[in-house]
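Novice: Dumping the structure here so I can ask a few things about it.
The values are calculated or read from the model by the stated rules, or taken from the named source; none is laboratory data. All values reported here derive from a predicted model rather than from experimental measurement. Here Cβ is always computed from backbone atoms with ideal geometry, including for glycine, and neighbour counts include all displayed protein chains.
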Ligand code: SF4
């Protein structure tokens, strides 16, 4: 799994492109999510997301995916779960202070972001992780947020 995770970072540009194609599909499926109900869709979509992202990124299903801003390196693989890194303990060889045999997740994030078109997003400060979202689908969250913002535009008084 670790080698696949490193592969994902090396191919961050390609995966960014795939995500850019995938995101509108999930958003445009809003009528389906609405008719099935987000809670019911969660079971199937969440499972699919978990399987694919565990394989590619060692995803921990935090429910608030930031891969697109972190060079396709999942910050939840940082032993300190830092959403903004690296910490001061990163070794001179770029490895983690807690797991010396592992490359620092944030060094990887920087490398991956340099390959991406929107790599500057790594400069954006991420909010602390909301543990209440753990285990939920980030894909559906993106669709739900898009739906809410469309409704907001339609009903600006809300
Ligand atoms: S940021 Fe969260 S959802 Fe994205 S890959 Fe990491 S654990 Fe999974």
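Novice: For residues that are more than 13 Å from residue 139 (Cα to Cα) and in a loop (DSSP other than H, G, I, E, B), scanning just region 9-44, find the one that is farthest from the ligand (Cβ to nearest atom).
Specialist: 37
Novice: Condition first: surrounded by 15 or more Cβ atoms within 10 Å (Cβ to Cβ), at pLDDT below 95 and out of contact with any helix residue (DSSP H, G or I) (no Cβ under 8 Å at 6 or more places or on another chain). Now tell me which residues in region 33-75 satisfy that.
Specialist: Residue satisfying the conditions is 36 alone.
Novice: Hey, does region 93-115 have a residue that's within 13 Å of the ligand (Cβ to nearest atom), crowded, with 18+ Cβ neighbours inside 10 Å and in a loop (DSSP other than H, G, I, E, B)?
Specialist: The answer is no, given that none of the residues of region 93-115 is within 13 Å of the ligand (Cβ to nearest atom), crowded, with 18+ Cβ neighbours inside 10 Å and in a loop (DSSP other than H, G, I, E, B).
Novice: Can you tell me which of 128, 79 is surrounded by fewer than 17 Cβ atoms within 10 Å (Cβ to Cβ), in a loop (DSSP other than H, G, I, E, B) and at pLDDT 95 or above? Can you show your working first?
Specialist: Values: 128 fails: at pLDDT 95 or above.
Sole residue among the options that is surrounded by fewer than 17 Cβ atoms within 10 Å (Cβ to Cβ), in a loop (DSSP other than H, G, I, E, B) and at pLDDT 95 or above: 79.
Novice: Could I ask something else about it? Note down all Cβ pairs under 7 Å where the first residue falls in region 126-139 and is on the phi > 0 side of the Ramachandran plot, the second is assigned to a loop (DSSP other than H, G, I, E, B) and near the ligand (Cβ under 9 Å from one of its atoms), and they're at least six residues apart or on different chains.
Specialist: Listed by first residue and then by second, the contacts come to 135/61; 135/63.
Novice: I need a count of the residues in region 45-75 that are near the ligand (Cβ under 7 Å from one of its atoms) and on the phi > 0 side of the Ramachandran plot. Outline the logic, then answer.
Specialist: In the first step, residues of region 45-75 are kept if they are near the ligand (Cβ under 7 Å from one of its atoms); the result is 53, 57, 59-67, 74-75.
Narrowing the set further to residues that are on the phi > 0 side of the Ramachandran plot leaves 61, 63.
Adding up the residues that qualify gives 2.
Novice: May I pose another question? In region 49-76, which residues are under 13 Å from residue 129 (Cα atoms) and in a loop (DSSP other than H, G, I, E, B)?
Specialist: Just the residues of region 49-76 that are under 13 Å from residue 129 (Cα atoms), to begin with: 60-66, 74-76.
Once the filter is applied, which keeps residues that are under 13 Å from residue 129 (Cα atoms) and in a loop (DSSP other than H, G, I, E, B), region 49-76 yields 60, 61, 62, 63, 64, 65, 66, 74.
Novice: Against the definition (at pLDDT below 95 and either more than 23 Å from residue 145 (Cα to Cα) or surrounded by 15 or more Cβ atoms within 10 Å (Cβ to Cβ) (or both)), how does residue 30 come out, yes or no?
Specialist: Values: at pLDDT below 95: yes; either more than 23 Å from residue 145 (Cα to Cα) or surrounded by 15 or more Cβ atoms within 10 Å (Cβ to Cβ) (or both): yes.
Against the criterion (at pLDDT below 95 and either more than 23 Å from residue 145 (Cα to Cα) or surrounded by 15 or more Cβ atoms within 10 Å (Cβ to Cβ) (or both)), residue 30 qualifies.
Novice: Can you pull out the residues in region 76-87 that are in contact with a helix residue (DSSP H, G or I) (Cβ under 6 Å, 6 or more places away or on another chain) and within 9 Å of the ligand (Cβ to nearest atom)?
Specialist: Across region 76-87, the qualifying residues are 77, 83.
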